[in-house]
Every structure is written in structure tokens, then in C-alpha cells.
1. Given the criteria surrounded by 11 or more Cβ atoms within 10 Å (Cβ to Cβ) and either in contact (Cβ under 8 Å) with a residue 24 or more places away in the chain or touching a Ser or Thr at 6+ places or on another chain (Cβ under 6 Å) (or both), does GLY36 qualify?
2. On the basis of being exposed (fewer than 14 other Cβ atoms within 10 Å of the Cβ) and without any contact (Cβ under 8 Å) to a residue 60 or more places away in the chain, does GLU28 make the cut?
3. Looking at THR13, THR21, which one is modelled with pLDDT of 90 or more, of a type in the set (Val, Ile, Thr), surrounded by fewer than 14 Cβ atoms within 10 Å (Cβ to Cβ) and within 15 Å of the chain's Cα centre (by Cα)?
Amino acid sequence: MAPAEQVVNFIDTADAYGPETNELLIAEALYPYPKGLVIATKGGQTRPRPGQWEQNGRPEYLAQAVNKSLKRLKL
């Protein structure tokens, strides 16, 4: 049994972590996902440059961010 199947049942991530790299690493390490694993991701913050954060809560942007996160997470 993989470690994730034994002790991890919830992963919190965001498209801004990395940025985007964190979601790719989660999929690479854990896909296919064990039964019962919950993955929560967030969107609405962008990092145009290191150390700089910008918020973007426009519905169009959030829909695009969700779709991209789902693709990176292989969901």
C-alpha cells in the first residue's frame, strides 16, 4: 500500500503554488488516486513575478483556472 493510501486523505493545493507546479507534482506522485482521497484546490491569485501576488476574482478567470487545475491534477 502506498503511503497516501495509509495516512493521507486530504490534500490542499492551489494553482498559485509553484505556480502550477504543485498540482502537477500531486498528479505525478499519486495518480491514479486512492479511493477516499479528497483534493481541494484554489484559484484567484496569480504570481506574475516572484514575490508579487495579484488577485483575479473575475468569473471568467476562475472558470479557466478551475479547468486548468483539473487538467493538471488529471481529474
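The values are calculated or read from the model by the stated rules, or taken from the named source; none is laboratory data. Given the structure is predicted, the values throughout are model-derived calculations rather than measurements. Glycine also receives a Cβ, built like all others from the backbone with ideal geometry; neighbour counts cover every protein chain displayed.
1. It is false that GLY36 is surrounded by 11 or more Cβ atoms within 10 Å (Cβ to Cβ) and either in contact (Cβ under 8 Å) with a residue 24 or more places away in the chain or touching a Ser or Thr at 6+ places or on another chain (Cβ under 6 Å) (or both).
2. It is true that GLU28 is exposed (fewer than 14 other Cβ atoms within 10 Å of the Cβ) and without any contact (Cβ under 8 Å) to a residue 60 or more places away in the chain.
3. None of the other options fit; the residue is THR21.
Let's see how each residue does on (1) at positive phi; (2) modelled with pLDDT under 95:
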| position | (1), (2) |
| --- | --- |
| PRO34 | no, yes |
| LEU37 | no, yes |
| GLY44 | yes, yes |
| ARG49 | no, yes |
| PRO59 | no, no |
| ASN67 | no, no |
| LEU70 | no, no |
| LEU73 | no, no |
